[in-house]
């Protein structure tokens, strides 16, 4: 009897394949207007994030950012031009060779880049109103000088160095982030359960799925730049 393949089960949206909403109850972003200084009132362990989060209180309310390495509760952070770890400044006010994280893609969007535990980017060079930042991938990215970022390195580094030991632990780590694990290879399943099913010959069919294909049909080559054997 044929069964729904994994893509179809995920598309159906049962609780097995949904992210835990409770894991993402903290929204990481800066308020639109930040002036003066704030205080770290609490450090939080969030299941949906790879780094501890810091709850920051300022004159207009509270917000959450990834904590930097060495942050403590009760610490004061500035939103002005003082160059110090934890301070939130515009990229145009941060000197070259400074480590930063939680960088805005556009001024005022709240921070989109570099939010993984243990990671950071580096201010590489300045050309006019453009700031060029060296990302963790060693590629350079251009930003507006008014985009904000946090000075420092995100806490939580080294978490990947500790062995997982138990398969169940990895399962729960992945489940908090809505990642499917363990992932079954397509050729390992039965021929009636997947287009690539049955390992007879171990040659998956070359299939280009339509861009608007539903879950279950969207298997094979997804938006390939090229097909065929590379010469």
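At-a-glance table
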item: Helix-only CD estimate at 222 nm, as mean residue ellipticity for the chain, using -39500 (n - 2.57) per DSSP H run (n ≥ 4); result: -2000 deg cm²/dmol
item: Contact order normalised by residue count of the chain, Cα under 8 Å, 6+ apart, percent; result: 19
item: For the stretch 21-151, alpha-carbon Rg over 2.2 N^0.38 Å; result: 0.99
item: Förster-model FRET efficiency, 45 Å R0, residue 178 and residue 134, C-beta, rounded to 0.05; result: 0.90
item: Residue-span extension gain [residue 8 to residue 33] - 0.36 nm each, minus C-alpha spacing; result: 4.6 nm
item: Likely footprinting exposure, 133, 165, 189, fewest C-beta neighbours within 10 Å first; result: 165, 189, 133
item: Listed candidates [x] 17.6, 55; [y] 19.9, 64; [z] 22.4, 67 - label of the one calculated as Rg and Dmax of the Cα atoms in Å; result: [z]
item: Residue exposure sequence - 177, 148 - by fewest surrounding Cβ within 10 Å; result: 177, 148
item: Contour minus Cα-Cα distance for residue 170 and residue 144 (0.36 nm per residue); result: 5.5 nm
item: Folded to 0 to 90 degrees: helix 167-176 orientation relative to the chain principal axis, Cα; result: 60
item: 14, 119 arranged by Cβ crowding within 10 Å, fewest neighbours leading; result: 14, 119
item: Kirkwood-based Rg to Rh ratio, the stretch 145-231, C-alpha trace; result: 1.13
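Coordinate-derived values only; no laboratory data. Keep in mind it's a predicted model, so treat the numbers as computed, not measured. Note: ideal-geometry Cβ built from the backbone for every residue, glycine included; neighbour counts use all protein chains shown.
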